[in-house]
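Here's the structure, in structure tokens; my notes come after.
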Amino acid sequence: MRPLDLRLAADCIQLGTLHGSRLLLMNNALVPWFILVPDTPHTEFYELPAAQQSAVLAAVNALSGLLKQRLAAQKTNVAAIGNVVSQLHVHVVGRRADDFCWPGVVWGAQQREAYSQDEAERIAALVREGLGTAFVPDATQ
């Protein structure tokens with residue numbers, strides 16, 4: 001896999017891969033927030049080969065279902081913005097009317113609370129259980 005952008009590495013917990021994309025958990029326990037990083041030099045979704053676009057979409061769908069079914073999200077937000085981090089990455093965020101910045105967007109919000117080790121492990125276990133064989137955990141998970 002290509003090296004991970006240093007900002008993503010600093011802000012996230014690396015969980016493994018899902019449908020060929022690196023799967024990260026944003027280290028902000030205020031809202032369940034995953035990031036998919038396809039293995040590509042491209043910076044735009046439309047530039048991906050069709051098969052890779054389909055794989056990323058499958059990963060987005062799987063994460064969206066996990067957020068609603070296992071993490072009590074009422075709504076999912078999906079975005080590939082890339083204005084600050086040019087490495088192609090897709091945010092998949094579970095939202096609730098009572099979350100810290102509802103109804104505003106989470107990107108750029110200053111309020112943060114790092115996951116405790118126990119909570120990060122709980123989320124990683126939910127990912128392993130809920131995503132099946134399409135998810136390959138990192139060796140450390």
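The values are calculated or read from the model by the stated rules, or taken from the named source; none is laboratory data. None of these values were measured; they are calculated from a predicted model. Cβ: placed from backbone, ideal geometry, glycine included. Neighbour counts: every protein chain shown.
Figures for the structure shown
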| item | result |
| --- | --- |
| Selection status of residue 53, of a type in the set (S, T, N, Q), surrounded by 14 or more Cβ atoms within 10 Å (Cβ to Cβ) and in contact with an Asp or Glu (Cβ under 6 Å, 6 or more places away or on another chain) | no |
| Index of the failed condition, residue 51 passing every other in (1) of a type in the set (Gly, Ala, Ser); (2) more than 19 Å from residue 105 (Cβ to Cβ); (3) in contact (Cβ under 8 Å) with a residue 24 or more places away in the chain | (3) |
| Failed condition for residue 47, given (1) over 20 Å from residue 9 (Cβ atoms); (2) at pLDDT below 95 | (2) |
| Whichever residue in region 3-41 is of a type in the set (Val, Ile, Thr) and under 10 Å from the mean Cα position of the chain (by Cα) and, among such residues, is nearest to residue 76 (Cα to Cα) | 35 |
| Candidate set from region 3-20 (those that are touching a residue at least 60 places away in the same chain (Cβ under 8 Å) and not hydrophobic (A, V, I, L, M, F, W, C)); member that is nearest to residue 118 (Cα to Cα) | 14 |
| All positions within region 60-114 that are of a type in the set (Gly, Ala, Ser), buried (at least 17 other Cβ atoms within 10 Å of the Cβ) and assigned to a strand (DSSP E or B) | 94 |
| Residues within region 102-128 that are in contact (Cβ under 8 Å) with a residue 40 or more places away in the chain and more than 18 Å from residue 58 (Cβ to Cβ), tallied | 12 |
| Test: residue in region 61-75 that is farther than 19 Å from residue 21 by Cα, among the small types (Gly, Ala, Ser) and in contact (Cβ under 8 Å) with a residue 40 or more places away in the chain | yes |
| Output for region 1-43, where each listed residue is under 19 Å from residue 111 (Cβ atoms), in contact with a strand residue (DSSP E or B) (Cβ under 8 Å, 6 or more places away or on another chain) and not polar (S, T, N, Q) | 11, 12, 13, 25, 26, 31, 32, 33, 34, 35 |
